[in-house]
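Inspection log for the structure reproduced underneath, given as structure tokens.
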Amino acid sequence: MAGGIIEGKTIKGSVREQADVCVIGSGAGGAVMAKELAQKGLKVVVLEEGGNYSSKDYPKTIFESFMKLYRNQGLDTTLGIPAIVLPTGKCLGGTTVINMGTCFRLPDYTHQKWEDLGIKGYSAKDLAPYYDQVEEMMSVRRVTPEVMGRNGEIIAEGAKKLGLHPMPILRNVNDRCKGCCNCSYGCREDAKEAMILNYIPRAVELGAKIYCDAKAEFIVHDKEKVLGVTGSIRDRESGNFRHFIEIAADRVVVAAGALNTPVLLLKSEVCNSSGQVGKNLKLHLCGRAIGVFDELIDGHHGVGQCLYIDDYAELGIMLEATFTGPATEFPGLGGFGKELWEHLKEFRHLASIGVMMSDTSSGKVTVGVDGEPMITYNMNQKDADALKKAMLISARIFFAAGAKKVLTTTSCFPEIKNLVEVEKFQDLKVEPGQFLAMAFHPMGTCRMGADPKKSVVSPELEAWDLKNLYLTDASVFPTSLGVNPQETIWAFATRCAENILKNARR
């Protein structure tokens, strides 16, 4: 089969294909599967709901980037208290096109949680060869001083004064990175090694065929094993139906993400004998602490996410020096009217810590009335307390670095003027609904496990209920990871492809 990328606008009629494997989704999990399986000679067809974009034709404005590269313009929001914005990508390459490029291996405490759940084969030693492989393929390296930017530098200075251990973040980038801070809008320099620069072109070279603007809608099966996938070609701008697409395949890999994978399974009425499909939604709950300095920081000059502090990781708290352009940094600032305007005038004097917390809360994903994911999630008090703690830790870091005040994303103490106030707020109870919260990295909605009654897929990532159906996205993670997940998704997908090939040779 000749490989290629086919865009919806070029398709003139219904599509029917025969393949060894149909992969749904072209992000961190799907692209890896496509390349690994095609490399071994399997006939691979990929269905990607989003459009095909590259650095040559990325949208020219940030507004357009959100309209074209993000799912629902980046405004997917949970139903619950508080309402939480949960942005994900929708384009060839998935969220890897619009994320910050941050890479982590699983921390030891997460490995231990999985061992305690009876999941074998996922120790640090077990996963190390797969991490090694993907890190080489994806050019994973630490942020260098040349592109760190003053935001990371000043946060590191404050953290070290408190005896903490800031470290430059590992990212999937090449030598073209200039630290322009535009990672989340699509990298125009082709510096961030998103899937569209490596795994996808390699898969195409090896014969994989990728249909863009192609929405998978139903998994075809005979109640014992998968037979293929049916779906539709959509108009990229309007989303309107254009043509049917049908892929007959011996194996199906679903890598549509933790929000869309469970919806596809639920609509197809498969793999839910355990009742766990769509449940156990885990998020990395995020807030922002912003230090205001007399010094000129220009936080938007330098790598957007450049530094991390994991001294509190066992409490579920990860602090990451994170800054973006004005259009996406401003919504994290509190206040209204004149108060907000005064904050905005200080933009060049701001430094920002992204607070990322591994949740103990749990939500669910169901099929909405429009057939799309409906996300229900309520933050519990334990997580609210941890977010408050993380905000106050961040404030101490900023004051140690010389900040004159700190802005937070909670209505209880939106502005902290000094260290005395930090101690004052220590005992203040903050309700979940008092946070302006975002979340990233949805996980867990089709979790793997050792017990078919309590999980959706086996530790080999094959569905318990349907032979030859595999899941290779963050939906399979049995707990919150505590770190950015893309590298672990790559490693899981590489391992799963290896298992599929072993089974194919039997």
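The values are calculated or read from the model by the stated rules, or taken from the named source; none is laboratory data. Since this is a predicted model, take the numbers as computed values, not measurements. Neighbour counts run over all protein chains shown; Cβ positions are idealised from the backbone, glycine included.
Give the residues of region 183-195 that are in contact with a Gly (Cβ under 7 Å, 6 or more places away or on another chain) and either modelled with pLDDT under 95 or farther than 12 Å from residue 34 by Cβ (or both), sorted by residue number.
Of everything in region 183-195, those that are in contact with a Gly (Cβ under 7 Å, 6 or more places away or on another chain) and either modelled with pLDDT under 95 or farther than 12 Å from residue 34 by Cβ (or both) turn out to be 183, 184, 192, 194.
Out of the residues in region 419-478 meeting the condition of being assigned to a strand (DSSP E or B) and in contact with a Phe, Trp or Tyr (Cβ under 6 Å, 6 or more places away or on another chain), tell me which one is surrounded by the fewest Cβ atoms within 10 Å (Cβ to Cβ).
462
Here is a yes/no grid of residues against (1) within 28 Å of residue 62 (Cα to Cα); (2) among the small types (Gly, Ala, Ser); (3) crowded, with 21+ Cβ neighbours inside 10 Å:
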{"site": "246", "(1), (2), (3)": "no, no, no"}
{"site": "255", "(1), (2), (3)": "yes, yes, yes"}
{"site": "262", "(1), (2), (3)": "no, no, yes"}
{"site": "274", "(1), (2), (3)": "no, yes, no"}
{"site": "280", "(1), (2), (3)": "no, no, yes"}
{"site": "285", "(1), (2), (3)": "yes, no, yes"}
{"site": "298", "(1), (2), (3)": "yes, no, no"}
{"site": "302", "(1), (2), (3)": "yes, yes, yes"}
{"site": "307", "(1), (2), (3)": "yes, no, yes"}
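From 240, 260, grab the single residue that is of a type in the set (S, T, N, Q), modelled with pLDDT of 95 or more and in contact with a strand residue (DSSP E or B) (Cβ under 9 Å, 6 or more places away or on another chain).
None of the other options fit; the residue is 260.
Among the residues of region 37-48, how many are touching a Cys at 6+ places or on another chain (Cβ under 8 Å) and assigned to a loop (DSSP other than H, G, I, E, B)?
1
If residue 252 passes every condition in (1) under 30 Å from residue 383 (Cβ atoms); (2) in contact with a Leu (Cβ under 8 Å, 6 or more places away or on another chain); (3) in a strand (DSSP E or B) but one, which one does it miss?
(1)
Show the residue pairs meeting these rules: Cβ distance below 8 Å; 6+ apart or different chains; first residue within region 319-339 and in the same structural domain as residue 152 (by TED's automatic domain parsing); second residue among the acidic types (Asp, Glu) and in a helix (DSSP H, G or I).
Sorted first by the residue in region 319-339, then by its partner, the pairs are 323/329; 335/342.
Evaluate the following for residue 291: is it under 18 Å from residue 472 (Cα atoms), in contact (Cβ under 8 Å) with a residue 60 or more places away in the chain and either out of contact with any Leu (no Cβ under 9 Å at 6 or more places or on another chain) or crowded, with 23+ Cβ neighbours inside 10 Å (or both)?
no
Among (1) crowded, with 24+ Cβ neighbours inside 10 Å; (2) over 30 Å from residue 102 (Cβ atoms), which single condition is residue 43 missing?
(1)
Taking the stated definitions as given, is residue 230 hydroxyl-bearing (Ser, Thr, Tyr), assigned by TED's automatic domain parsing to the domain that holds residue 29 and surrounded by 24 or more Cβ atoms within 10 Å (Cβ to Cβ)?
No: the conditions fail for residue 230.
Which numbered condition in (1) assigned to a loop (DSSP other than H, G, I, E, B); (2) in the same structural domain as residue 195 (by TED's automatic domain parsing) is the only one that residue 489 fails?
(1)
Please work out which residue is nearest to the chain's Cα centre (by Cα), limiting yourself to region 301-331 and to residues that are of a type in the set (Phe, Trp, Tyr) and in a loop (DSSP other than H, G, I, E, B).
323
Is it fair to say residue 267 is among the basic types (Lys, Arg), surrounded by 18 or more Cβ atoms within 10 Å (Cβ to Cβ) and either touching a residue at least 40 places away in the same chain (Cβ under 8 Å) or under 15 Å from residue 158 (Cβ atoms) (or both)?
no
On the given criteria, is residue 152 touching a Gly at 6+ places or on another chain (Cβ under 8 Å) and either within 18 Å of residue 100 (Cβ to Cβ) or not aliphatic (A, V, I, L, M) (or both)?
So residue 152 fits the description; yes.
Considering (1) farther than 20 Å from residue 195 by Cα; (2) without any contact (Cβ under 8 Å) to a residue 12 or more places away in the chain; (3) of a type in the set (Lys, Arg), say which one residue 9 fails and leave the rest.
Residue 9 satisfies every listed condition except (2).
Condition check ((1) in a helix (DSSP H, G or I); (2) within 26 Å of residue 313 (Cα to Cα); (3) in contact with a strand residue (DSSP E or B) (Cβ under 9 Å, 6 or more places away or on another chain); (4) of a type in the set (Phe, Trp, Tyr)) across all residues:
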{"site": "17", "(1), (2), (3), (4)": "no, no, yes, no"}
{"site": "22", "(1), (2), (3), (4)": "no, no, yes, no"}
{"site": "31", "(1), (2), (3), (4)": "yes, no, yes, no"}
{"site": "35", "(1), (2), (3), (4)": "yes, no, yes, no"}
{"site": "67", "(1), (2), (3), (4)": "yes, no, no, no"}
{"site": "81", "(1), (2), (3), (4)": "no, yes, no, no"}
{"site": "109", "(1), (2), (3), (4)": "yes, yes, no, yes"}
